[in-house]
Amino acid sequence: MKTKIEELLGNNPILHSKILLDLLSELIKLEFDPISIELTIDRLNSANKYNFNEVESYILHLCSVFNTLNYDSKYHLLRMLPHDYESLVDYLNSNQSHLEDIAYDSKFNVNNFDISTAEGNENLVNILRDMYQNAPQGYQMTMVHLFGIKYSSQLENVSTKDIAVKATGKDSLWVEIGKGMKLSKFVQPIPTDSELNARSSNISQDSKESIGKMSYDIFYDTNDILVMDKYNLVIKSNERNYLYKFRDRKVNWINSGGTPTFFKCLDFEWNGSSWKSLMTDFTEWIIDKLGYLDDGFLNIKSSWSKQMVFSKDKKTNYLGPFKYDLYINGNHTALHMWWQILDLVELLPNDEKIDTYVLVHYPSALEPRDISKMIWKKEIISYKQFLLDRDFSNDQIHHAIESIKRINVIYKNDTPNYYFSNIDRKQDMSNALSRLKRMDVYLKESHQLGTYLDLFVDFKKQLKYSDYSC
């Protein structure tokens, strides 16, 4: 008899596991609705990784396995009751690691990244590969032992067999790595010249006094720019926002966890942090701009739900009243609120509406995975330099970074929308710090994490990203 996961993966486990992972990512971004929860399945293919028939066919299969789910083929909506939503998310969460193992080949899996647990084993694999391939004649096994000695603490909680296979192609060498790890308790490798030079033990007193005044600037290489452009990322004053243009409305969809920060349509410019506030202000502007009679507005239908946009009656969750005693439907998710704003923009002449756009900010764990990975790696490189400037040893730096990974786990378990380390806004970081220090799990480990937490927060205050617009 097949297990549920075998039923879900069917005859194409790689494709289906990828769709399930994307489904999980989109489900946790939805705003919880106590009545019914809906997901537009086109969102599963926002990056054009599949064709629509693949997605729709699989969603129908999903509904056959979880028979409490319902798929509306007319509107491409996956619908479920709140209890069924929670059950599905819990099930996918509990099987996420297994799905990732199936979804990606070994090369992708090595580089796949989860900032809440580790940088991944990529560095360890690359280090062993370099030591093994460039070992002096007859000393390859010695280099494997040395690898186990030097990196014993990092290897304690990972699969040495996986590292051995990926680095050397020989799974038997994991035994030799283990021998080196045992030797690490009794021997100390001699530092290389490059390791000695990397330390800052001879920093002058004047230099040490200036450390507190230093800033840690982050710039972007070609690969970074490709990733940022892919997701229309805009960085200004260290804050990350995502650009959504009217002209791209059919391929670039806003996720429910995002909040608008800036909107522009002709001479209407808006700054804020609420979709309802944006909807209210823009509705007032466009009614004045178009000067329609009230019955003209009352005939406008939503392009996605085909329901009336305006009403003369004050209904539940309607906004207003506006001019002509009009009310507008405000009972929407972020995506649907954006669509309704675009429906209003559609009333403008083509040459006027084409340059309309909005900037949206997301909590750190709701950002695209590629962006999260890029931000984490860049900040950790700068953080290492920050610690070196304070005369930290390599072992202390390792513990400092491991502590931040642990803090990420603690904070994300309590606040799923956030990776603590990747928070960009100063006020959000201040709020997160206050919240973290009240968590029971953190308090139990604060004697181990507290110093490193304070160091990291101090580092974040000195971190400076170069402004960037896609």
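The values are calculated or read from the model by the stated rules, or taken from the named source; none is laboratory data. Just so it is clear, the structure is predicted and the values come from calculations on it, not from any experiment. Note: ideal-geometry Cβ built from the backbone for every residue, glycine included; neighbour counts use all protein chains shown.
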Self-check item: Those residues of the range 240-280 which are of a type in the set (D, E, K, R) and over 16 Å from Asn331 (Cα atoms), in sequence order
Solution: Arg240, Lys245, Arg247, Asp248, Arg249, Lys250, Lys264, Asp267, Glu269
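A quick yes/no check of all residues on (1) touching a Gly at 6+ places or on another chain (Cβ under 8 Å); (2) β-branched (Val, Ile, Thr); (3) assigned to a helix (DSSP H, G or I):
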site	(1), (2), (3)
Lys378	no, no, yes
Asp391	no, no, no
His399	no, no, yes
Ile407	no, yes, yes
Tyr411	no, no, yes
Met429	no, no, yes
Leu433	no, no, yes
Gly450	no, no, yes
Leu453	no, no, yes
Quiz item: Looking at Leu359, Leu344, Leu348, which is the one that is assigned to a strand (DSSP E or B) and buried (at least 16 other Cβ atoms within 10 Å of the Cβ)?
Solution: Leu359
Exercise. Consider only pairs whose beta carbons are under 7 Å apart and that are at least six residues apart or on different chains; among these, list those whose first residue lies in the range 285-296 and is assigned by TED's automatic domain parsing to the domain that holds Asp267 and at pLDDT below 90 and whose second residue is surrounded by 17 or more Cβ atoms within 10 Å (Cβ to Cβ) and not small (Gly, Ala, Ser).
Key: Asp294/Leu326
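Which is modelled with pLDDT of 75 or more, under 25 Å from the mean Cα position of the chain (by Cα) and surrounded by 13 or more Cβ atoms within 10 Å (Cβ to Cβ), of Lys29, Lys49? Write out each step before concluding.
Working: Lys49 fails: modelled with pLDDT of 75 or more.
Checking each option against the conditions leaves just Lys29.
Examine the range 242-252 for a residue that is closer than 29 Å to Glu26 by Cβ, at pLDDT 85 or above, surrounded by fewer than 17 Cβ atoms within 10 Å (Cβ to Cβ) and under 26 Å from the mean Cα position of the chain (by Cα), and state whether such a residue exists. Let's see the steps before the verdict.
Narrowing the range 242-252 to residues closer than 29 Å to Glu26 by Cβ: 242-252.
Going one step further and asking which of them are at pLDDT 85 or above, we end up with 242-246.
Cutting the leftovers down to surrounded by fewer than 17 Cβ atoms within 10 Å (Cβ to Cβ) gives us 245.
Those still in the list that are under 26 Å from the mean Cα position of the chain (by Cα) too: 245.
Yes, because at least one residue in the range 242-252 is closer than 29 Å to Glu26 by Cβ, at pLDDT 85 or above, surrounded by fewer than 17 Cβ atoms within 10 Å (Cβ to Cβ) and under 26 Å from the mean Cα position of the chain (by Cα).
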Quiz item: Checking Lys444 against (1) without any contact (Cβ under 8 Å) to a residue 12 or more places away in the chain; (2) not in a helix (DSSP H, G or I), which test does it fail?
Solution: (2)
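Here is a list: Ser364, Ser311, Ser302. Which entry is polar (S, T, N, Q), touching a Phe, Trp or Tyr at 6+ places or on another chain (Cβ under 8 Å) and under 30 Å from Tyr452 (Cβ atoms)?
Numbers: Ser311 fails: under 30 Å from Tyr452 (Cβ atoms); Ser302 fails: under 30 Å from Tyr452 (Cβ atoms).
One residue alone meets the criteria, Ser364.
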Quiz item: Just a yes or no: is a residue in the range 388-407 within 24 Å of the chain's Cα centre (by Cα), within 24 Å of Ile225 (Cβ to Cβ) and crowded, with 16+ Cβ neighbours inside 10 Å?
Solution: no
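Rundown of residues vs (1) at positive phi; (2) surrounded by 12 or more Cβ atoms within 10 Å (Cβ to Cβ); (3) modelled with pLDDT of 80 or more; (4) assigned to a helix (DSSP H, G or I), yes/no style:
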residue: Ile127; (1), (2), (3), (4): no, yes, yes, yes
residue: Tyr132; (1), (2), (3), (4): no, yes, yes, yes
residue: Gln137; (1), (2), (3), (4): no, no, no, no
residue: Leu146; (1), (2), (3), (4): no, yes, yes, yes
residue: Ser153; (1), (2), (3), (4): no, yes, no, yes
residue: Met181; (1), (2), (3), (4): no, yes, yes, yes
residue: Phe186; (1), (2), (3), (4): no, no, no, no
residue: Ser194; (1), (2), (3), (4): no, no, no, yes
residue: Ile203; (1), (2), (3), (4): no, yes, no, no
Quiz item: Which members of the range 142-177 meet the condition of being without any contact (Cβ under 8 Å) to a residue 24 or more places away in the chain and over 34 Å from the mean Cα position of the chain (by Cα)?
Solution: Thr142, Met143, Lys170, Ser172, Val175
